[in-house]
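The values are calculated or read from the model by the stated rules, or taken from the named source; none is laboratory data. Since the structure is predicted, the reported quantities are computational estimates derived from the model, not experimental observations. Methodologically, a virtual Cβ is constructed for each residue, glycine included, from the backbone with ideal geometry; neighbour enumeration extends over all protein chains shown. The protein model used for the area step is the full one, side chains on, heavy atoms only, and it has no ligands, DNA or RNA in it. Shrake-Rupley method; radii C 1.70, N 1.55, O 1.52, S 1.80 Å.
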Amino acid sequence: MISAPTKIARNQFLRRLGTGIAGCWIGSIGTSVHERLGSLLARDEGTLFLPTDFGPYTWMEFAIREYGIPGLSRRGRTVNVVAYLKATGVGRSSDETAWCSAFVNWCMLMASFPGTGKANARSWLEWGGASLDFPVYGCVVVLWRGSQNGALGHVGFFVGMQGDNLLLLGGNQGNAVSVRPYSKERVLGLRWLEGFPLPEEDRPA
């Protein structure tokens with residue numbers, strides 16, 4: 001679990017996250033910046049950041065493009081989700097197969113970075129070579145599911161805050177690629193690519 005966000009006021013966190021990064025804030029009032037993300041504003045009532053420069057986290061451009069992709073259609077798995085699953089070697093599978101890890105793997109593959117190649121969320125706990133003490137935009141967040149010491153988990157990309165909750169952009173969230181809030185108490189790990197520069201504005205003071 002992470003402890004840093006409990007010690008830093010939300011406004012300080014948001015200021016640190018957004019200062020100087022090329023992009024714009026998406027809030028719940030008077031904003032229509034990104035048409036495909038518009039519906040999440042009223043639903044999540046959180047604050048997240050939409051970059052215009054994806055250089056510091058190139059995988060996020062692919063992740064955001066997939067926002068709203070459903071997991072199932074009338075014919076079963078959507079073409080997109082089948083592609084995500086192939087990134088883990090699963091290929092076509094039953095409707096019960098969780099695909100959050102597959103989505104993160106696919107985004108990394110599209111950005112020419114290595115993923116875990118595995119379908120289980122907790123495989124990301126050893127990914128990247130760098131463990132963070134504080135969430136930065138675009139980092140991989142691994143959560144426990146069911147039991148902290150169990151085998152189940154969830155994984156997604158950190159994109160902002162909703163109160164004390166972390167907003168994650170990920171797959172298999174409400175059976176779609178979406179942004180959802182998750183308690184910081186469920187965080188098992190925050191992962192980043194070793195040797196890939198952290199966005200300077202995201203570094204904790």
Taking segment 70-82, which residues are of a type in the set (A, V, I, L, M, F, W, C) and surrounded by 18 or more Cβ atoms within 10 Å (Cβ to Cβ)?
-> VAL81
Just to be sure, is LEU169 within 21 Å of GLY55 (Cα to Cα), modelled with pLDDT of 90 or more and open to solvent by 10 Å² or more (accessible area, probe 1.4 Å)?
-> no
Over segment 156-177, the set of residues in a strand (DSSP E or B) and in contact with a Leu (Cβ under 7 Å, 6 or more places away or on another chain) is GLY156, PHE157, PHE158, VAL159, GLY160, MET161, LEU167
Given the conditions (1) over 18 Å from CYS100 (Cβ atoms); (2) part of a helix (DSSP H, G or I); (3) in contact with a Lys or Arg (Cβ under 7 Å, 6 or more places away or on another chain), every one holds for GLU185 apart from (3)
Residues satisfying the stated conditions in segment 57-75, i.e. touching a residue at least 60 places away in the same chain (Cβ under 8 Å) and not in a helix (DSSP H, G or I) = GLU66, TYR67, GLY68, ILE69, PRO70, GLY71, LEU72
Looking only at residues in segment 123-142 that are at pLDDT 95 or above and within 17 Å of GLU185 (Cβ to Cβ), which one is surrounded by the fewest Cβ atoms within 10 Å (Cβ to Cβ)?
-> LEU125
Residue by residue through segment 48-69, note down the ones that are in contact with a helix residue (DSSP H, G or I) (Cβ under 8 Å, 6 or more places away or on another chain), surrounded by fewer than 19 Cβ atoms within 10 Å (Cβ to Cβ) and at pLDDT 80 or above.
-> PHE54, PHE62, TYR67, GLY68, ILE69
Taking segment 114-137 and keeping residues assigned to a loop (DSSP other than H, G, I, E, B) and touching a Leu at 6+ places or on another chain (Cβ under 7 Å) leaves GLY115, GLY128, LEU132, PRO135, VAL136, TYR137
